[in-house]
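These notes are about the structure you will find just below.
The values are calculated or read from the model by the stated rules, or taken from the named source; none is laboratory data. Since the model is a prediction, treat every value here as computed from it, not as a measurement. Glycine also receives a Cβ, built like all others from the backbone with ideal geometry; neighbour counts cover every protein chain displayed.
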């Protein structure tokens, strides 16, 4: 019984990771050529033979949801990045690093759909897999700063409410 539960959990987290991988890939393509129509580009991307044949509908739907939310809240997320990264504007970051940070700041801090430690770990994993040799260190540093920023912000809100 416990082994079956582990297999299910492994598949579930593998699917979540895969949906994030796809979202990073898609959002990077939009980042490079922002004049593309979001919906049309996403449909084309999700219908690429490799994705269309090998990824489940749940993975594709989660990719769609994450991508849309990041795209819709890009200015808000970049505002967070501006506050936590000193001397480095988001547009100067490597595109893949910026995209990973946008996605994981959204999930870990704005939506709070992922525990902070998990968001930091996932950001590092994605940066290792898709970024430059320095990406993981940079992305982890930014994520830790974001965690500190949101922790301080939460403490200030709690103090005001008392």
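Scanning segment 127-137 for residues that are touching a helix residue (DSSP H, G or I) at 6+ places or on another chain (Cβ under 6 Å) and not in a loop (DSSP other than H, G, I, E, B) gives 127, 128, 130, 135, 136. Figure legend. Inter-residue proximity from segment 107-126: first residues in the same structural domain as residue 15 (by TED's automatic domain parsing) and farther than 17 Å from residue 154 by Cβ, second residues surrounded by fewer than 16 Cβ atoms within 10 Å (Cβ to Cβ) and at pLDDT below 95, beta-carbon distance below 8 Å, spacing 6+ or different chains. No pairs are indicated.
Of the helices (runs of 4 or more DSSP H) lying entirely inside segment 47-91, those containing at least 1 residues that are within 12 Å of residue 105 (Cβ to Cβ), touching a helix residue (DSSP H, G or I) at 6+ places or on another chain (Cβ under 6 Å) and modelled with pLDDT under 95 span 74-84.
Checking each residue of segment 111-120 against the condition of being closer than 21 Å to residue 87 by Cβ and assigned to a helix (DSSP H, G or I) gives no match. May I ask you to verify whether residue 106 is crowded, with 17+ Cβ neighbours inside 10 Å, in contact with a helix residue (DSSP H, G or I) (Cβ under 6 Å, 6 or more places away or on another chain) and not in a helix (DSSP H, G or I)? Answer is no for this residue.
Taking every residue in segment 69-86 that is over 14 Å from residue 99 (Cβ atoms) and pairing it with any residue that is buried (at least 17 other Cβ atoms within 10 Å of the Cβ), at least 6 positions away or on another chain, the pairs with Cβ-Cβ distances below 6 Å are 80/105; 84/146; 85/142.
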